[in-house]
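Here is the structure we will look at, set down as structure tokens.
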Amino acid sequence: MEAPANELEDLYGQMGPALLAYFRQHPILAGAAEDLLQDTFVRAIRGWDRLRNSVSPRAYLFGIARHVGQDALRRYRPAGESREEPAAPAGPVEDDRLERMRQAIAGLPLPQRETLLLKLRYELSYLEIAEVLGLPVGTVRSRLHLAVAHLKLQLNPPSSATAHVS
Amino acid sequence: MKPESLDALLTDHCLGELTPEAAELLQEHLARDPAAAQRAQELEATLAWARKATAITLERPERPLAAVAVAPAPPPSRLRVTWAEGLRLAACVVLGLAAGWWANGARGPSTSVASAPTLPLETRPGGARDQGPAFWSVANLSQHQRPRAPAGRNREDVFQIPWESIVK
């Protein structure tokens, strides 16, 4: 079945910014984010029936985007430098706790960080994250619980008082 | 409730994954248990900071969707016969069969395929040999062989139309 142009345009309008941000969060992929976004939609069109029948078109597109990003990273040949893992976004230090949180997130194991970012940044549900990552929902849940427990421990060491967001 | 179970429930609640019924039960539990409420506050604060740390600004893509233009057409099937084409083909087949039947019937029933005897020549009743040799038999061919030109006559003379012929 051929993808209707108007539905595609709508989907592009809804999901384009989030997918663009998804690629831009990666230091290596950021420069080619627009190309990777187009590539994601080309692949989505090829599997239009699966996209329409998926649990969530959003999750399906994020799943494609993840594969597109992985393919791009495989093709990437660094010029004399090692491949970097995506780091927490760097920004001006507004608050000590915010900086600690950024460092704590950056220090999470990659599977936990990836799952956490899909949840917090793109607000995908457990089920959608499971579809994106190709994992059971229980695994997604346990990864998130571990990540949150780690962050809580970093932000609230046992000896310190409770920190509240100002 | 065990602290581990409570933390798991609280995390699911803060991440918006609890059903409304479960969330209501949890709220009732937190209202009765100050220590649990304290843990819930810590978790909510942690996730608030985490959301702030991971926040991004969404921007619209600079380029419009070009994927529609490069979308491949569905692969053509090897034999795509439409209804009208199929009808035409069927009509041709029927016409061909009718023409063949008519041509066969015009030659008479003795020559039709259906009435042709399939018995071997020797077993035909009444002696099939009486009907003469078969069309492609050597005897028949030699009977209808063109007369050879006698010695001393030109080959063309043999085929000249005689004067008394009705064909002028």
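Remarks
- Pairwise centroid distance, computed over Cα atoms, of segment A:31-46 with segment B:1-43, Å: 40 Å
- Each residue of segment A:13-24 is assigned a 3J(HN,Hα), and the resulting list reads x, 6, 9, x, x, 5, 5, 5, 5, 4, 6, 6 Hz, derived from the Karplus form 6.51 cos²θ - 1.76 cosθ + 1.60 (θ = phi - 60°), x at Gly and Pro.
- For the peptide B:39-49, the mean number of other protein chain Cβ atoms found within 10 angstrom of a residue's Cβ is 6.
- Cβ-based exposure ranking for B:10, A:153, A:135, A:51, in which fewest neighbours within 10 Å come first: A:153, A:135, A:51, B:10
- Shielding by other protein chains, B:15-22, mean Cβ within 10 Å: 3
- Residues B:87, B:65, ranked from the fewest to the most other C-beta atoms within 10 Å, line up as B:87, B:65.
- The protection proxy used here, the mean number of other Cβ atoms lying within 10 Å of each residue, ranks peptides A:14-25, A:66-77, A:104-115 as follows, highest first: A:14-25, A:104-115, A:66-77.
- Other residues whose C-beta falls under 13 angstrom from the C-beta of residue A:33 contribute a net charge of -2, scoring Lys and Arg +1 and Asp and Glu -1.
Read the figures in this text as sums done on the coordinates, not as results from a lab. Keep in mind it's a predicted model, so treat the numbers as computed, not measured. Backbone-built Cβ (ideal geometry, glycine too); neighbour counts: all protein chains shown.
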